[in-house]
Amino acid sequence: MASSAQPHVTPDRLMQLAWGYAPPMMIKAAVQHGLFDQLDQGPKSAQELADGAGVPLRGVRAVSNALVSIDLLAKDSEGRYSLTPESATFLVRGKPAFLGRMITHTTVQILPRWMRLAETVEHGKPVGGVNHQEGGVEFFQQFVEDLFPMSYPAARALAAELKVAAAESPVSVLDLAAGSGVWSIALAQASPNVAVTAVDWPGVLEVTQRMTARFGVSDRYTFVADDLGLADFGSGHQVATLGHILHSEGEARSRELLKKTFTALASGGTIAIQEFLVDQQRAKNTMGLIFAVNMLVATDDGDTFSFEEIAGWLKETGFVDVRELDSPGPSPLILATKP
Ligand SMILES: C[S@@+](CC[C@H](N)C(=O)[O-])C[C@H]1O[C@@H](n2cnc3c(N)ncnc32)[C@H](O)[C@@H]1O
């Protein structure tokens, strides 16, 4: 007989986890066939949705019902579907907070890599990492723009913290691994005194150029198209931003990158780092720990790090006043000053 101290376990949670891929795939299918977009016009039956999408009823009905069960759609007593506050805000194409492209990225670009997780664990390395220029450019070109809404609020918080709007003299900003340019665009918007050096791989920098033009700040940009390990960062910058880059570079290259950034900053300059931080024991922060597995399947040496680890590298490099800035992103920003 089981001891009374033994916890009662059931298979329920594992059965739910076993189907964990279903919600993102259903969302992706509904986004792709414009179901959320159609419902933004008002409630519709499954047949009306299927007709609007030009696809058979069967799939629309199955997917829509399952979406109702996870509160991404609602259904009335006549079987008409409508949006919920969450799907109305995040899953309708053209809305400012649209996350559909991000979900397409995680399902179409990332999921195939996760399908080979067991194989990757066997070798300790993925097949074809995205942290190489070859392969990486195509991968990042497709989605850095989709990351813009995730980081823009935090980038604005950084501009406020650094009091960029009040600057009376030129502020030189080094945007490393610029991607969409989200970090430097927010700083450039805060003051006409901001001039930016943006570094990224050549193909991805085309996206940076397009985005800076869209925000009307491109005339204050210098674009440096090269690998971070080889690029000339210039010198005398007041601010350097490293948004979501340390995790794909991994520890050794990140530490080199921090040293190179230190050299490129002016005395008194600030480095700002955004990452998916994990707790020191690597036991609690589910998103950060899952992202470490994502780095395993996607990069040669990538990982996620704790504040304490990154703070240690910064101090070793010579930075002082290493601190966290609460910001509306996945983790607080890490700031530090070059003495
Ligand atoms: C996850 S995205 C982050 C983009 C942007 N900083 C942000 O926070 O949204 C990573 C960026 O780093 C660039 N990148 C990755 N490895 C690089 C390397 N070794 N040299 C230059 N750029 C690199 C990619 O092209 C991509 O634009």
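Here are the numbers:
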item	result
Vicinal HN-Hα couplings computed from phi for segment 99-116 (Karplus, 6.51 cos²θ - 1.76 cosθ + 1.60; Hz; Gly/Pro x)	10, x, 5, 5, 6, 5, 4, 5, 8, 7, 8, 8, 3, x, 5, 5, 4, 9
Residue of Leu17, Leu258, Leu35 that the Gaussian network model of the chain assigns the largest fluctuation, springs spanning Cα pairs under 10 Å	Leu17
Modelled FRET efficiency - R0 30 Å, Ser69 with Leu289, Cβ distances, 0.05 increments	0.65
Inter-label distance for Glu138 and Lys259, nm, one decimal - labels placed 7 Å from Cα along Cα-to-Cβ	3.4
Size of charge dipole - the chain - debye, nearest 20, with Cβ of Lys, Arg +1 and Asp, Glu -1, no other charges	560
Convex hull per residue volume in Å³, alpha carbons only, for segment 15-105	100
Over the chain: helical MRE at 222 nm, DSSP H runs n ≥ 4 each giving -39500 (n - 2.57), nearest 500	-14000 deg cm²/dmol
Angle in degrees between helix 57-69 and the longest Cα principal axis of the chain, rounded to the nearest 10	70
Crossing angle, helix 133-161 versus the chain [Cα axis fit, 0-90 degrees, rounded to tens]	80
Theoretical gain in end-to-end length, Val121 to Val55 [0.36 nm per residue, Cα-Cα removed]	19.8 nm
Angle in degrees between helix 286-298 and the longest Cα principal axis of the chain, rounded to the nearest 10	80
Trp114-Glu86 FRET efficiency (beta carbon distance; Förster radius 22 Å; 0.05 resolution)	0.35
Extension gain from Ala213 to Gln281, taking 0.36 nm per residue of separation minus the Cα-Cα distance	20.2 nm
Per-peptide average of other Cβ atoms within 10 Å, ordering 324-335, 108-119 highest first	324-335, 108-119
The chain: relative contact order as a whole-number percent, Cα under 8 Å and 6+ apart	13
Stretch gain in nm, segment Thr10-Ser77, where the contour uses 0.36 nm per residue and the Cα spacing is subtracted	20.7 nm
Dipole moment magnitude, nearest 20 debye, segment 1-148 about Cα centre, only Lys, Arg, Asp, Glu C-beta charged	180
Proxy reagent accessibility, fewest Cβ within 10 Å first, across Val173, Val68, Val199, Val9	Val9, Val68, Val199, Val173
Cα-projected label distance for Glu316 with Glu161, points at 7 Å along beta-carbon direction, nm	2.3
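Throughout, read-outs are computed from the coordinates displayed, never taken from laboratory work. Treat the numbers as computed from the prediction; the structure is a model and nothing was measured. Note that we place each Cβ from the backbone using ideal geometry, even for glycine, and neighbour counts take in every protein chain shown.
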